[in-house]
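Scroll down for the structure; my scribbles are underneath it.
The values are calculated or read from the model by the stated rules, or taken from the named source; none is laboratory data. Everything quoted here is computed from the prediction, not taken from an experiment. Virtual Cβ from ideal backbone geometry, glycine too; neighbours counted across all protein chains shown. With ligands, DNA and RNA removed, areas are computed over all heavy atoms of the protein, side chains included. Shrake-Rupley method; radii C 1.70, N 1.55, O 1.52, S 1.80 Å.
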Amino acid sequence: MSVSERTYIMVKPDGVQRGLVGNILGRFEQRGFKLIALKLVHATPEHLEQHYIDLKGKSFFPGLIKYMASGPVVAMVWEGLDAVKTGRSMLGATNPLASAPGTIRGDFALAVGRNICHGSDSVENAEKEIKLWFPEGVVQYTNDNSKWIFE
Ligand code: IDP
Ligand code: MG
């Protein structure tokens, strides 16, 4: 856990279509995380299969790829203290019905196959996902508010 830990967060096609990009992005900003990469991208099935490679073989895998390729996604990298675990807790549980109100999925979703957002589940996977979605690299800059967020 460090203040420079990074996580890959993505608004899925249903989140984009439902106009939830600003709300989701705003939660990470308000929490104190630093935005270091952002783009709107309509990913190919091949790219998405790579992203979800660990789930290949699951019965829902073909449907998941079709859903994720059905429209553009917002790909982001956020940096800050315990970013991976905190990002996951801000998202809520995989199944929105098990997500507490106050989490993104708990506030906006009902179905596991339309759960509007993705977040890396480990620091190692975050690094892989950041490389996959941002081969061009992230943006380096100083955020002057860090002394108001970290001790
Ligand atoms: P996560 O997104 O919370 O990390 P994973 O188990 O990595 O959950 O699954 C990736 C995505 O696959 C989920 O976010 C969800 O969109 C989809 N998914 C997972 N389990 C099911 C299922 O049982 N039916 C349909 N879609 C599923
Ligand atoms: Mg996952």
Check on Arg114, open to solvent by less than 80 Å² (accessible area, probe 1.4 Å) and farther than 29 Å from Glu136 by Cβ: no
Any hit, segment 130-142, residues being open to solvent by less than 50 Å² (accessible area, probe 1.4 Å), within 13 Å of ligand 1 (Cβ to nearest atom) and not in a loop (DSSP other than H, G, I, E, B): no
Elements of type strands (runs of 3 or more DSSP E) in segment 1-96, at least 3 residues being touching a residue at least 12 places away in the same chain (Cβ under 8 Å), under 14 Å from Glu129 (Cα atoms) and open to solvent by less than 40 Å² (accessible area, probe 1.4 Å): 6-11, 73-79
Among residues of segment 97-108, those that are more than 15 Å from the chain's Cα centre (by Cα) and not in a helix (DSSP H, G or I), counted: 4
So Leu97, is it in contact with a Pro (Cβ under 6 Å, 6 or more places away or on another chain) and more than 14 Å from ligand 2 (Cβ to nearest atom): no
Test set (1) touching a Pro at 6+ places or on another chain (Cβ under 9 Å); (2) within 13 Å of ligand 1 (Cβ to nearest atom); (3) open to solvent by 30 Å² or more (accessible area, probe 1.4 Å) - Asp107 fails condition number: (2)
Enumeration of residues in segment 48-86 that are acidic (Asp, Glu) and touching a strand residue (DSSP E or B) at 6+ places or on another chain (Cβ under 6 Å): Glu79
Hits in segment 80-91 - residues which are closer than 16 Å to Gly26 by Cα and within 12 Å of the chain's Cα centre (by Cα): Ala83, Thr86, Gly87, Arg88, Ser89, Met90, Leu91
Any chance Leu55 is aliphatic (A, V, I, L, M), within 10 Å of ligand 1 (Cβ to nearest atom) and under 12 Å from the mean Cα position of the chain (by Cα): no
Test: residue in segment 62-81 that is within 16 Å of ligand 2 (Cβ to nearest atom) and out of contact with any helix residue (DSSP H, G or I) (no Cβ under 8 Å at 6 or more places or on another chain): no
